[in-house]
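K.L.:
Can you read through this structure? Questions will come right after.
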Amino acid sequence: MGSVDFIPVNEPLLDGNEKKYLCECIDSGWISSEGPFVKKFETEMSGTVGRRYGIAVTNGTAALEVAVRALGITQGDEVIMPTFTIISCAMAVTKAGATPVLVDCDAYTWNMDVDEVEKKITPKTKAIMVVHIYGLPVQMEPILKLAEKYSLKVIEDAAQMHGQTYRSKPCGSFGDISAFSFYPNKHVTTGEGGMVVTDDAELAERCCLLRNLCFRKDKRYVHDEISGNYRFTNLQAAVGLAQLERLDWFIERKRTMGRYYTEALKDVRGLRLPVEKTDDADNIYWVYGVVLEQDIPISNREMVERLARLGIGCRTFFWCMHEQPVYVRDGYFHGEKYANAEYLARKGFYIPSGIALTQRQMETVVEKLKQAINEI
């Protein structure tokens with residue numbers, strides 16, 4: 001990774017009850033998916049976002065795959081989603097045999113352009129997959145109206161939105177089913193892990209079945225369909241529960257960090273900073289992303305490499321789904337272009353913004369970022 005002074009792009013904070021709860025798991029011997037922390041974490045997490053049911057799984061990708069399959073999306077169906085997102089979203093759709101149908105993103109909030117959605121609806125459309133990006137929520141009201149108008153399902157990817165709201169309602173509470181990730185860079189982490197949340201009892205039961213190899217209730221080792229082993233361990237749940245206890249403080253901390261970066265970088269020529277708020281929400285700065293303006297003659301990848309040499313860990317923005325080599329090779333999205341997403345994919349990156357980051361480290365990040373810009 002570099003020298004001991006290297007500032008990583010993310011470092012989680014694990015100084016709450018994580019160790020205490022893990023010791024309880026070890027002392028009791030409950031370390032598998034059967035342990036009591038799993039159900040408690042599912043209940044607490046789903047309750048935090050106002051959902052009736054939570055089904056913990058191995059990671060956020062698994063949560064999306066389980067959500068898509070639970071809704072019965074299959075061969076011949078279409079799911080509308082943003083091109084500017086992580087590949088897990090498209091992969092969940094294509095693995096089910098369905099087809100992702102893409103829309104561009106807004107140049108400044110970086111979320112999917114909801115005005116493009118209706119024109120992409122066809123008789124094959126089964127669902128809209130909403131993906132909240134980096135710190136601000138998607139405009140949910142028009143999406144929900146479209147879903148009702150055309151009898152579509154809504155899958156909400158809230159992986160990056162722990163603690164965020166849309167018009168005061170929790171992200172993760174919208175549509176038919178929502179998915180969370182608990183990767184180390186998330187506000188609530190379990191190392192790896194994810195969760196599906198829903199208010200629908202039948203969907204929840206279906207998710208539980210898909211999580212656990214589709215064991216039949218009457219004959220455990222007899223299977224009517226193929227799924228995967230997406231079980232979540234008691235050890236992971238113990239860490240997650242301790243993290244969830246501090247979510248409000250984590251969000252406050254993230255917003256404080258975001259305000260500091262915005263104030264420190266506001267006069268830096270050539271940098272477009274994240275939107276602080278919209279009519280729907282204040283940014284929670286899951287990551288602090290910046291975009292190089294057109295007059296900065298290098299790519300985000302080159303800038304990330306320059307900053308790495310200065311001891312600062314950064315990461316480029318997502319690469320567009322319509323430009324993913326694996327999908328291009330397989331004949332998806334032929335000839336499609338999405339100008340905003342393509343620009344962000346080439347010019348956007350995020351700087352260190354993990355919860356464990358210190359004030360001194362943030363000051364160093366600002367200093368080195370200014371140095372890198374000035375050298376160009």
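The values are calculated or read from the model by the stated rules, or taken from the named source; none is laboratory data. Note that the coordinates shown come from a computational prediction; the quantities given were computed from them, not determined experimentally. With ideal geometry, Cβ positions are generated from the backbone for all residues, glycine too; neighbour counts draw on all protein chains shown. Remember, those area values only see protein heavy atoms, side chains included, never the ligands or the DNA or RNA. Shrake-Rupley method; radii C 1.70, N 1.55, O 1.52, S 1.80 Å.
K.L.:
Please give the number of the condition Glu148 fails out of (1) without any contact (Cβ under 8 Å) to a residue 24 or more places away in the chain; (2) crowded, with 22+ Cβ neighbours inside 10 Å.
P.N.:
Unmet for Glu148, out of (1) without any contact (Cβ under 8 Å) to a residue 24 or more places away in the chain; (2) crowded, with 22+ Cβ neighbours inside 10 Å: (2).
K.L.:
Another question, then. Name the residue that is farthest from the chain's Cα centre (by Cα), counting only residues in segment 147-193 that are more than 18 Å from Ile73 (Cβ to Cβ) and assigned to a strand (DSSP E or B).
P.N.:
Per the stated criteria, the residue is Lys169.
K.L.:
Against the condition modelled with pLDDT of 95 or more, assigned to a loop (DSSP other than H, G, I, E, B), over 26 Å from Ala90 (Cα atoms) and open to solvent by less than 60 Å² (accessible area, probe 1.4 Å), how does Ala356 come out, does it pass?
P.N.:
Taking the combined requirement at face value, the residue satisfies it.
K.L.:
Next question. So, Ile73, is that one assigned to a strand (DSSP E or B) and either of a type in the set (A, V, I, L, M, F, W, C) or surrounded by 22 or more Cβ atoms within 10 Å (Cβ to Cβ) (or both) or not?
P.N.:
Judged against the criteria, Ile73 is not a match.
K.L.:
What's the number of the only condition in (1) outside any helix (DSSP H, G or I); (2) under 14 Å from Arg306 (Cα atoms); (3) open to solvent by 20 Å² or more (accessible area, probe 1.4 Å); (4) not hydroxyl-bearing (Ser, Thr, Tyr) that Lys337 fails to meet?
P.N.:
In the conditions (1) outside any helix (DSSP H, G or I); (2) under 14 Å from Arg306 (Cα atoms); (3) open to solvent by 20 Å² or more (accessible area, probe 1.4 Å); (4) not hydroxyl-bearing (Ser, Thr, Tyr), Lys337 misses (2) alone.
K.L.:
Within segment 44-65, track down each residue that is of a type in the set (Gly, Ala, Ser), open to solvent by less than 40 Å² (accessible area, probe 1.4 Å) and either assigned to a helix (DSSP H, G or I) or more than 18 Å from Ala201 (Cβ to Cβ) (or both).
P.N.:
The answer is Ser46, Gly60, Ala62, Ala63.
K.L.:
Given the condition open to solvent by 30 Å² or more (accessible area, probe 1.4 Å) and of a type in the set (A, V, I, L, M), answer yes or no: does some residue in segment 1-12 qualify?
P.N.:
Checked against the condition, which is being open to solvent by 30 Å² or more (accessible area, probe 1.4 Å) and of a type in the set (A, V, I, L, M), segment 1-12 yields at least one hit.
K.L.:
Continuing with this model, one more query. Could you list all residues from segment 80-99 that are open to solvent by less than 20 Å² (accessible area, probe 1.4 Å) and under 18 Å from the mean Cα position of the chain (by Cα)?
P.N.:
Answer for segment 80-99, where residues must be open to solvent by less than 20 Å² (accessible area, probe 1.4 Å) and under 18 Å from the mean Cα position of the chain (by Cα): Ile80, Met81, Pro82, Thr83, Phe84, Thr85, Ser88, Cys89, Ala90, Ala92, Val93.
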